[in-house]
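Take a look at the structure set out below.
The values are calculated or read from the model by the stated rules, or taken from the named source; none is laboratory data. Note that the structure is predicted; figures quoted are calculated from it, not measured. Ideal geometry is used to build each Cβ from the backbone, glycine not excepted, and the neighbour counts take in all protein chains shown.
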Amino acid sequence: MTSMTIQVRALSRAFVADGRATPALLDIDLDVAEREFVCILGPSGCGKSTLLNLVAGFLRPSAGEILVNGRAVTGPGADRGVVFQEYVLFPWLTVAGNVAFGLRLSGVPADARRRTVARYLDLVGLTAHAAKYPVQLSGGMKQRVAIARALANNPAIILMDEPFGALDAQTREVLQDELGRIQRVEHKTVLFVTHSIREAVYLADRVVVMTSAPGRIKQIVTIKLPDVRDRFAAEFTHYESELTRLVKEEVAKVHE
Amino acid sequence: MSRTRLLALAGVLAAWAAVAYGNAALQLMNPVLLPTPGQVAAVLAETLRDGSLPRHVATSLGRVVVGFGIAAVAAVALGLLAAMCVPIRLLLEPVIEFVRPIPPLAFLPMFLVWFGLGEASKVAFIGYTTFFPMFVAIAAAVLRVDVALLRAAASLGASRLDLVRGVIVPAALPGIIVALRLGFALALFVIVGAEFMGADAGLGHLIMEGRTFFVPAQIVMGALVLGLLGSLVNALLLGIERRLFRWREAAAAS
């Protein structure tokens, strides 16, 4: 199983509130292959962001383990780039400075750094805005910077936590298109958390549907659609309704 | 300076002149007790000519700069440390919460006992006074740094040292600069008190001399010079702050 980039084994995580341990994730087993795009889909509060934070190394498991390329995750690292819902750009750095942040840390010489930054700014269409500061950008542009920042660091894995959740519907679809295009160039292993079914069907090779809290894996749906997807194709709609049915069962449980 | 500000200052000056010169003409109270703008200007010219005013200003500023400088370095270092290291914070917090409400002037005689009447007691007193508020404000600024920024940097490969240098310091810098600006203003505030007791130079001494030799115009002049110094320094630091943090103003400019 050497092609398994991310291996999640019997993973559980509980949070302590008011002196009581409440399980957020229960007994998760998941393998993500190299260059695979996996979406984690589930109702809010199902622990899907917790799962991502565990893989990123921001949280420690209560039980079980996560292996990345065979090695146990003990903390955050440059091998796993993260894109956050709230962008989290460094406000004191320009767009170019943000994209160069990881390259600076790893001591990439200035010349190579400039070339890499230029390449990724071009990839996300922000070349004209290189000298601007984050406060000057719209939400969509900020998220493009965050994606360029993660990619420029050349991690094998990109973890995305509802990256388009704070954007308006139009910007959201534009960025989904761009992410699809970027993925066809960059071929990263991607773990992508979302609560949007359309987004999951549009982007994923496989969709992991979570149960409501405590989060377990309810079902994994493989999306057999071409790389470039048509949101109005009959097949697309078919996956959409199948996933909608699965998620609705979980949402209904919360309201019971 | 804007037109309205100039107008407001001119208004205050006019009101003072009206009251002081009116009193001089009508003799409602002893005119010596209520110096006129002209008398104050005369003392100003006199002390400028004999070089005593520049000397007093330089002495006071020198004490402020050294005392504040030592306190600033300590407050930045300990503030960062306390914010990032929980055991140190737990240790320092109760001590500082106890010492902070004591009016610094209450300890001034203690500084004279320990450090004598020379420079050391003034510098130490300024350092003591300005350290606590700066330390508390700097630690608070560091604690306010968004955890998400640290996570973002860590997943780009930042080490612990990188996090301090590359994220915590730049993210907390606006708060740190505000703390330093307030600390400097406070230093100018308390240097006068320190110089009232056992000093042979400095603006506080100049003012006290005005009392001893009964020259109220000299007292008023000393106070006005202090006010002017304070606003000059504040304007200077605000200017530096604006230059340093263009990224916060970029939105307004674009």
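What are the residues in region B:138-174 that are in contact (Cβ under 8 Å) with a residue 24 or more places away in the chain and surrounded by fewer than 19 Cβ atoms within 10 Å (Cβ to Cβ), if any?
Just the residues of region B:138-174 that are in contact (Cβ under 8 Å) with a residue 24 or more places away in the chain, to begin with: B:138-146, B:164, B:168-169, B:171-174.
If the condition is that a residue be in contact (Cβ under 8 Å) with a residue 24 or more places away in the chain and surrounded by fewer than 19 Cβ atoms within 10 Å (Cβ to Cβ), then B:A140, B:L143, B:R144, B:D146, B:V164, B:V169, B:L173, B:P174 are the ones that fit.
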Practice task
Tally the residues that are more than 15 Å from A:M210 (Cβ to Cβ), in contact (Cβ under 8 Å) with a residue 24 or more places away in the chain and surrounded by 14 or more Cβ atoms within 10 Å (Cβ to Cβ), restricting the search to region A:221-256.
Solution key: 5
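Given the condition touching a Ser or Thr at 6+ places or on another chain (Cβ under 8 Å), surrounded by fewer than 20 Cβ atoms within 10 Å (Cβ to Cβ) and either of a type in the set (A, V, I, L, M) or not in a helix (DSSP H, G or I) (or both), answer yes or no: does some residue in region A:176-188 qualify? Working first, answer last.
We begin by selecting, within region A:176-188, every residue touching a Ser or Thr at 6+ places or on another chain (Cβ under 8 Å); these are none.
No, region A:176-188 has no match at all.
Just a yes or no: is a residue in region A:135-146 over 19 Å from the mean Cα position of the chain (by Cα) and either assigned to a loop (DSSP other than H, G, I, E, B) or crowded, with 20+ Cβ neighbours inside 10 Å (or both)? Quick ask: steps written out before the conclusion?
Just the residues of region A:135-146 that are over 19 Å from the mean Cα position of the chain (by Cα), to begin with: A:135-138.
Filter once more, keeping what is either assigned to a loop (DSSP other than H, G, I, E, B) or crowded, with 20+ Cβ neighbours inside 10 Å (or both): A:137-138.
Yes - at least one qualifying residue is present in region A:135-146.
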Completion exercise
When every residue in region B:201-246 that is touching a residue at least 60 places away in the same chain (Cβ under 8 Å) and within 14 Å of chain A (Cβ to nearest Cβ) is compared, the one nearest to the chain's Cα centre (by Cα) is B:E241
Exercise for the section: Identify, by number, the condition in (1) within 14 Å of chain B (Cβ to nearest Cβ); (2) surrounded by fewer than 24 Cβ atoms within 10 Å (Cβ to Cβ); (3) over 14 Å from the mean Cα position of the chain (by Cα); (4) not aliphatic (A, V, I, L, M) that A:E162 doesn't meet. Expected result: (3)
Practice task
Six or more apart or on different chains, Cβ under 7 Å: which pairs go from a residue in region A:174-198 that's assigned by TED's automatic domain parsing to the domain that holds A:L30 to one that's among the charged types (D, E, K, R) and part of a helix (DSSP H, G or I)? Could you list them?
Solution key: A:Q176/A:E199; A:V193/A:K48; A:I197/A:E240; A:R198/A:E240
Exercise for the section: Please specify each residue of region A:126-147 satisfying the condition of being under 20 Å from A:A166 (Cα atoms), of a type in the set (G, A, S) and within 12 Å of chain B (Cβ to nearest Cβ). Expected result: A:S138, A:A146
Problem - Total residues in region A:67-110, condition in contact with a strand residue (DSSP E or B) (Cβ under 7 Å, 6 or more places away or on another chain) and facing chain B (nearest Cβ under 8 Å) - result: 4
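When you look at A:A100, is it over 19 Å from B:D146 (Cβ atoms), among the aliphatic types (A, V, I, L, M) and either modelled with pLDDT under 95 or surrounded by 22 or more Cβ atoms within 10 Å (Cβ to Cβ) (or both), yes or no?
Details: over 19 Å from B:D146 (Cβ atoms): yes; among the aliphatic types (A, V, I, L, M): yes; either modelled with pLDDT under 95 or surrounded by 22 or more Cβ atoms within 10 Å (Cβ to Cβ) (or both): yes.
Judged against the criteria, A:A100 is a match.
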